[in-house]
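Since every read-out is calculated from the coordinates, none of them should be taken as a lab result. All of these numbers come straight from a predicted model, not from anything done at the bench. Neighbour counts are summed over all protein chains in view; Cβ atoms, including those assigned to glycine, are modelled from backbone coordinates with ideal geometry.
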Amino acid sequence: MGEGEHTIIGKIPRERLNQIASRKLSALGIPVRLGADRETLEGELAFAGRVQHPVTGQTIPRGRFVVTGHDHLRFLDAPLSALGEVNFYEHERATGLEVSVAQALGRRTAALQDLAARMRSLRLETALDPERLAVRALVKTATHAFEVLGGPESVRVSRVAPVGGRPFEVAPDFPTLDLSDFASPTDLEIYLVASVSRMRPAAAAPALTPTPTAAPTLAATPAPRNALTLAALAQVFGDDAMLAPNAMVELVKEFAYGNTRYRFVASREMGTRFKGRVIGPNGDVWSDRFDLASFPGTAKVVALALGAADPGADPGPPPAPAPAAPSEVPSHLMPHPGEIWVMSVVVEEAGPDEVRYVGTDIDGRPYGAARVLKRSDFEAVFAQDRGGWRLLIQIDQVQDGSVIYRQLDRQRQPMGAPRKMSSAILVANFVPEAAAY
């Protein structure tokens, strides 16, 4: 399967995003590790004294964080957790990131002071909540006490304490407050008391079995009535009939998925080595070379290419929801016309006729499944450079989530016709030449 399921799916896998983030954070001198879920990167950022608590004035020595995407981190502990996501990729040094965190705290504090002034104009007594980094006010009426929390993003009622009753947390879907809607404290009090019933969290409803929504299924399309099939050949010539060693063979099988037809084509190159393609209405969905010994089956390959369930597999229990993979490449990772991108490989075995090799990740470690090419084909595609083998391509165009590129020969000259590749597949398997050394 070449570069594995991640490449077939056509999106940047979580592992690849973690590699990009880990490499950048390591360059900043910030160690990270995989969390308990074995997917989320986490770490601790030690500050050199520039970050201070905006309410207490005390120095914040460090902050635990998790990485989101490939370029942001989110702090886990108050008060830094109030900052939301912080971009680390734009900084060249850890000191720059520390200054950015301190500045973000400063901006939030200034915004809270402005908000506190607006709340005081309604004659509300305000205070800064040091844990939540929010403005807190208490609105007292004859029947209730309402806790109001405000930040730069919104002002909302967070808690209600009925007189003589049990306090409760306000339902998260209760609308936020627009302070400009209230001309006086009395207007605000009247609105809050009238809205108490809507603030209560809804009672837990009995668990109902949801009606499943029918998901698209992958189905093999019967061959046309007059088509020459392998079954027909085997019936006439027998299962043990042989193909000539170098005879050209092209096999076709069609599938339907979500009211769309797709065609799988396998073209024999030599012996048991084939080049496969999955072709949809807009062109190739997947293409790769494979050997029959390691080929998992046509239906499985098409299912992986389309993100569908394998029609021949035992469905078993439903899988746990997986984190959503990004569908677009972030702008600062996108290639640009004229750039040369590189895929490095490690040769595991080089014989007189064939070469067995495996791709590497951005740190040079083996990544994905091994592949086999005829030696002359391998040497025509890959160039030996600085003790390793590399495939070089030049980006001609970037358009609609794809790139048009040309492969370069050993003299770095374009060879063959331009080809098209998903930008996500490019970023998942190649790196800019400038970052490859």
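Structure above, values below:
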{"item": "Debye, to nearest 20: dipole size of segment 218-306, +1 on Lys, Arg Cβ, -1 on Asp, Glu Cβ", "result": "240 debye"}
{"item": "Charge dipole magnitude, Cβ of K and R +1, D and E -1 - segment 5-116, Cα centre, debye nearest 20", "result": "140 debye"}
{"item": "Furthest towards positive pole of dipole, Pro432, Gly416, Val342, structure part segment 334-435, Cβ charges", "result": "Gly416"}
{"item": "Positive-end residue of Ala102, Phe174, Leu115, charge dipole of segment 63-217 with Cβ unit charges", "result": "Phe174"}
{"item": "Segment 29-42 - phi-based ³J(HN,Hα) in whole Hz, Karplus 6.51/-1.76/1.60, Gly and Pro as x", "result": "x, 10, x, 9, 8, 6, x, 5, 7, 6, 10, 8, 7, 9"}
{"item": "Cα-projected label distance for Ala183 with Phe295, points at 7 Å along beta-carbon direction, nm", "result": "7.9 nm"}
{"item": "Computed label-point distance, nm, for sites Ala27 and Met415 using a 7 Å Cα→Cβ extension", "result": "3.1 nm"}
{"item": "Extension gain (nm, one decimal) between His332 and Ala46, 0.36 nm per residue minus Cα-Cα", "result": "100.3 nm"}
{"item": "Whole-Hz ³J(HN,Hα) from phi, Karplus 6.51 cos²θ - 1.76 cosθ + 1.60, for segment 56-66, glycine and proline x", "result": "8, x, 6, 6, 9, x, 7, x, 6, 8, 10"}
{"item": "D_trans [Stokes-Einstein, Kirkwood Rh over alpha-carbon pairs] for segment 5-116, 10 °C, 1.306 mPa s, µm² s⁻¹", "result": "106 µm²/s"}
{"item": "Residue among Gly258, Phe237, Ala219 farthest towards the positive dipole end of segment 218-306, charges placed on Cβ", "result": "Gly258"}
{"item": "Euclidean distance of C-alpha centroids, segment 373-437 and segment 144-158, integer Å", "result": "55 Å"}
{"item": "Phi to ³J(HN,Hα) by Karplus 6.51 cos²θ - 1.76 cosθ + 1.60 over segment 84-92, Hz, x for Gly, Pro", "result": "x, 7, 10, 6, 9, 6, 7, 9, 9"}
{"item": "In nm, spacing of pseudo-spin labels at Ala232 and Ser287 (7 Å Cα→C-beta vector)", "result": "2.8 nm"}
{"item": "Student exercise, segment 334-435 dipole from Lys, Arg, Asp, Glu Cβ charges, in Debye to nearest 20", "result": "120 debye"}
{"item": "By average C-beta atoms within 10 angstrom, highest first, the peptides 122-133, 13-24", "result": "13-24, 122-133"}
{"item": "Rg/Rg_globular for segment 334-435, with Rg_globular taken as 2.2 N^0.38 Å and Rg from C-alpha atoms", "result": "1.06"}
